[in-house]
Amino acid sequence: IQRFSADGALETGWRMPEIRAGKPVGIYMHADGRLFIADTHYNRVLITDRDGKTLGSFGREGVGEGEFQLPTDVAVDADGFIYVSEYHQTERISKWSPDFEFVQFIGDGETKGKRMGRPAALEIDDEQTLWVADACNHRLIRFSLDGKLLSVVGGFGSEPGKLRYPYDINMTPDGHLLVCEYGGNRLQWFAKDGRSLGVWGTAGRKPGELFAPWGAVCGSEGRVYVVDSLNNRVQIVRPDGLPAQSEAHLAQARGRNGE
């Protein structure tokens, strides 16, 4: 994990306590400053402070209650309940109490005729509903916090309103959805009713181009920070109402093993 200032200065970094089995793919910062890290290949959520000190963990390998198969992301609602997405044999969301007690499964079965396929990211909106980036089904799913299906958005394609492997989802300050398309090499903005509001990005390695973007988050002053994964960098995109051109690089690794 590395932490940068908003303008790209490295502040600190640390390694996960175990790495042989594989690497983490999701991270969530709690309002109290704790980091909840989806330690994917160790089938747990690791909790640290913002400087990397381990505070605890929850979950274990398995398919039962309180167990994970390759967790991918974490979200926390206004009451402190924790939601964890996972894939492989399970393809579901599990809900936990603020004290890390298992509560229920969400999406554990078919949704609109399909099981979820690699739920890659979670987001809780300002109405306290849960959005899931159902990556391999190329769609977004919206649930109530008790697991009731509310809507499904997207479907495979490249035209606006369609998706190709959505790997991340994030709320914008004005209440829309920002979706990062790993397979589409772009960002796409949606209204909650499923209307596409705009797209930005094209495949490539130049500034303003993307190669398998893994995540995106809205920052201050309307900036969007994009994890441009196979370009080994984070790019900063400045939208003017809707997405505009790339503003700068946050960081770019030198070599194959950038983190």
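The values are calculated or read from the model by the stated rules, or taken from the named source; none is laboratory data. Note that the coordinates shown come from a computational prediction; the quantities given were computed from them, not determined experimentally. For neighbour counting, all protein chains shown are included, and Cβ atoms are generated from backbone atoms with ideal geometry for every residue, glycine included. We work out accessible area using only protein heavy atoms, side chains counted, and drop any ligands, DNA or RNA first. Shrake-Rupley method; radii C 1.70, N 1.55, O 1.52, S 1.80 Å.
Would you confirm, using the coordinates I've provided, whether GLY161 is touching a strand residue (DSSP E or B) at 6+ places or on another chain (Cβ under 8 Å) and either under 21 Å from TYR28 (Cβ atoms) or at pLDDT 95 or above (or both)? The answer is yes for GLY161.
Considering PHE81, PHE36, PHE68, the condition of being at pLDDT 95 or above and within 22 Å of CYS136 (Cα to Cα) is satisfied by PHE68 alone. For beta carbons closer than 7 Å, sequence separation of 6+ or different chains, a first residue in region 177-203 that is over 15 Å from ALA135 (Cβ atoms) and of a type in the set (Gly, Ala, Ser) and a second that is open to solvent by 30 Å² or more (accessible area, probe 1.4 Å) and part of a loop (DSSP other than H, G, I, E, B), the qualifying pairs are ALA191/HIS176; SER196/PRO160; ALA203/GLU209; ALA203/PHE211. Filtered by the rule that a residue be open to solvent by 40 Å² or more (accessible area, probe 1.4 Å) and either under 20 Å from CYS136 (Cα atoms) or among the aliphatic types (A, V, I, L, M) (or both), region 179-195 gives a lone residue, TYR182.
Does region 158-176 hold any residues that are surrounded by fewer than 23 Cβ atoms within 10 Å (Cβ to Cβ) and in a strand (DSSP E or B), and which are they?
Matches in region 158-176: ASN170, MET171.
Every condition in (1) in contact with a Phe, Trp or Tyr (Cβ under 9 Å, 6 or more places away or on another chain); (2) of a type in the set (A, V, I, L, M); (3) closer than 18 Å to ARG118 by Cα is met by ILE47 except one, and the failing one is (3). Scanning region 101-124 for residues that are under 18 Å from CYS136 (Cα atoms), open to solvent by 10 Å² or more (accessible area, probe 1.4 Å) and of a type in the set (A, V, I, L, M, F, W, C) returns a single hit, ALA120.
Residue count for region 197-241, restricted to those that are in a strand (DSSP E or B) and crowded, with 16+ Cβ neighbours inside 10 Å: 20.
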